[in-house]
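**Q** Dumping the structure here so I can ask a few things about it.
The values are calculated or read from the model by the stated rules, or taken from the named source; none is laboratory data. Note that the structure is a prediction, hence the values are computed from the model and not measured. Every residue, glycine as well, gets a Cβ built from its backbone with ideal geometry; the counts of neighbours run over all protein chains shown. For the accessible areas, the whole protein counts, side chains as well, though only heavy atoms, and no ligand, DNA or RNA atoms are used. Shrake-Rupley method; radii C 1.70, N 1.55, O 1.52, S 1.80 Å.
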Amino acid sequence: MIVLVTGASVGFGAATSRMFVAKGYRVIGAARRAEKLNALAAELGENFLPLKLDVSDRPVVKAALEALPKEWSDIDVLVNNAGLALGLEPAHRASFEDWLTMIETNVTGLAHLTHLLLPGMVERGRGHIVNVGSIAGTYPYPGGNVYGATKAFVKQFSLNLRADLAGTPLRVTNIEPGMVGDTEFSLVRFKGDTARVEKNYEHVRYLVPDDIARSILFAVEQPPYVNINRIEIMPIAQTFSPMTIRRDA
């Protein structure tokens, strides 16, 4: 079985690649940073194929898939993991360029890869789309504005794919993590402000990338007649915030 993992160089993607290779799958690891992919390839061996691409660059993505060696071209599982959050400002102070970057990666990039690979999966009569969403697609929070909206798209897109694929053996799963540390997520969101990142995770037993990778593997390794629609996963330290109430003096 061949698995394509986007955002494979670090975090969830690297953990997922390691876990799937350890279980005997062949993994195509796609990411922007070739040096990190090559280091992962040196670690994982011949069952890992590095593929340099940016999911938001549609012509590059299409060309990269078309150039895959024939023995790697029939992809059985697509893990749409590449994504990011930028900033935590309220909407009226947020950067529109940051909004566009999140939309182009989290929405357009994910949809494009799915659109490219889905016809082949249907034709071969096997396939699994695993989207990495977020609890931000369900629960709003201050500063989540467009990031949360992109993950709400991922959630609904996953459900609508299931509706479209009724009558086929294809499966679709949305993985919805809560607070996860030991990744570059917050470093990217806070644009390199390490002090802010450290403060964010201070005194919290957060999830780690292996927790998310295990959830992905669990969904993929179910019997063929079983579809895991969604997995929402949080650390015990995190729960649902009370609704904000404005109280006038």
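**Q** Test of understanding: among Ala8, Ala63, which residue is on the phi < 0 side of the Ramachandran plot and part of a helix (DSSP H, G or I)?
**A** Values: Ala8 fails: part of a helix (DSSP H, G or I).
The match here is Ala63.
**Q** Restricting to segment 129-144, count the residues that are closer than 14 Å to Phe157 by Cα and surrounded by 17 or more Cβ atoms within 10 Å (Cβ to Cβ).
**A** Going through segment 129-144 one residue at a time, the tally reaches 7.
**Q** Conditions: (1) farther than 17 Å from Val5 by Cα; (2) in contact with a helix residue (DSSP H, G or I) (Cβ under 9 Å, 6 or more places away or on another chain); (3) of a type outside the set (Phe, Trp, Tyr); (4) in contact (Cβ under 8 Å) with a residue 40 or more places away in the chain. Asp193 meets all but one. Number of the miss?
**A** (4)
**Q** What tally of residues in segment 200-209 results from selecting those that are touching a strand residue (DSSP E or B) at 6+ places or on another chain (Cβ under 9 Å) and assigned to a loop (DSSP other than H, G, I, E, B)? Step through it out loud before you land on a result.
**A** To start, the set of residues in segment 200-209 that are touching a strand residue (DSSP E or B) at 6+ places or on another chain (Cβ under 9 Å) comprises 206-209.
Going one step further and asking which of them are assigned to a loop (DSSP other than H, G, I, E, B), we end up with 206, 208.
Of the residues in segment 200-209, 2 are touching a strand residue (DSSP E or B) at 6+ places or on another chain (Cβ under 9 Å) and assigned to a loop (DSSP other than H, G, I, E, B).
**Q** Ok, one more. Given the conditions (1) assigned to a helix (DSSP H, G or I); (2) open to solvent by 20 Å² or more (accessible area, probe 1.4 Å); (3) closer than 30 Å to Tyr225 by Cβ, report the number of the one that Met121 does not fulfil.
**A** That leaves (2) as the condition not met.
**Q** Kindly indicate whether any position in segment 167-177 is in contact with an Asp or Glu (Cβ under 7 Å, 6 or more places away or on another chain), open to solvent by less than 30 Å² (accessible area, probe 1.4 Å), closer than 20 Å to Ala136 by Cβ and acidic (Asp, Glu).
**A** Within segment 167-177, the subset in contact with an Asp or Glu (Cβ under 7 Å, 6 or more places away or on another chain) is 176.
With open to solvent by less than 30 Å² (accessible area, probe 1.4 Å) added as a condition, the list becomes 176.
Add one more test, that the residue is closer than 20 Å to Ala136 by Cβ, and what stays is 176.
So of that shortlist, the ones also acidic (Asp, Glu) come out as 176.
So far as segment 167-177 goes, yes, one or more of its residues are in contact with an Asp or Glu (Cβ under 7 Å, 6 or more places away or on another chain), open to solvent by less than 30 Å² (accessible area, probe 1.4 Å), closer than 20 Å to Ala136 by Cβ and acidic (Asp, Glu).
**Q** Output the residues belonging to segment 160-169 that are within 15 Å of His128 (Cβ to Cβ) and either in a loop (DSSP other than H, G, I, E, B) or touching a residue at least 60 places away in the same chain (Cβ under 8 Å) (or both).
**A** Within segment 160-169, Arg162, Leu165, Thr168, Pro169 meet the criteria.
**Q** Pick from segment 72-103 the residues that are closer than 20 Å to Asn131 by Cβ and either part of a strand (DSSP E or B) or among the hydroxyl-bearing types (Ser, Thr, Tyr) (or both): which of them is nearest to the chain's Cα centre (by Cα)?
**A** Among them, the one singled out is Asn80.
**Q** What's the total number of residues in segment 210-249 that are under 14 Å from Thr173 (Cβ atoms), in contact with a strand residue (DSSP E or B) (Cβ under 9 Å, 6 or more places away or on another chain) and of a type in the set (Asp, Glu)?
**A** Counting residues in segment 210-249 that are under 14 Å from Thr173 (Cβ atoms), in contact with a strand residue (DSSP E or B) (Cβ under 9 Å, 6 or more places away or on another chain) and of a type in the set (Asp, Glu) gives 1.
**Q** Which ones in segment 63-116 are within 20 Å of Ser9 (Cβ to Cβ), open to solvent by 60 Å² or more (accessible area, probe 1.4 Å) and free of Cβ contacts under 8 Å to residues at least 24 places away in the same chain?
**A** The one that is within 20 Å of Ser9 (Cβ to Cβ), open to solvent by 60 Å² or more (accessible area, probe 1.4 Å) and free of Cβ contacts under 8 Å to residues at least 24 places away in the same chain: Ala67.
**Q** Filter segment 178-230 for residues that are open to solvent by less than 20 Å² (accessible area, probe 1.4 Å) and β-branched (Val, Ile, Thr); which is nearest to Asn80 (Cα to Cα)?
**A** If we take residues in segment 178-230 being open to solvent by less than 20 Å² (accessible area, probe 1.4 Å) and β-branched (Val, Ile, Thr), then Ile216 is nearest to Asn80 (Cα to Cα).
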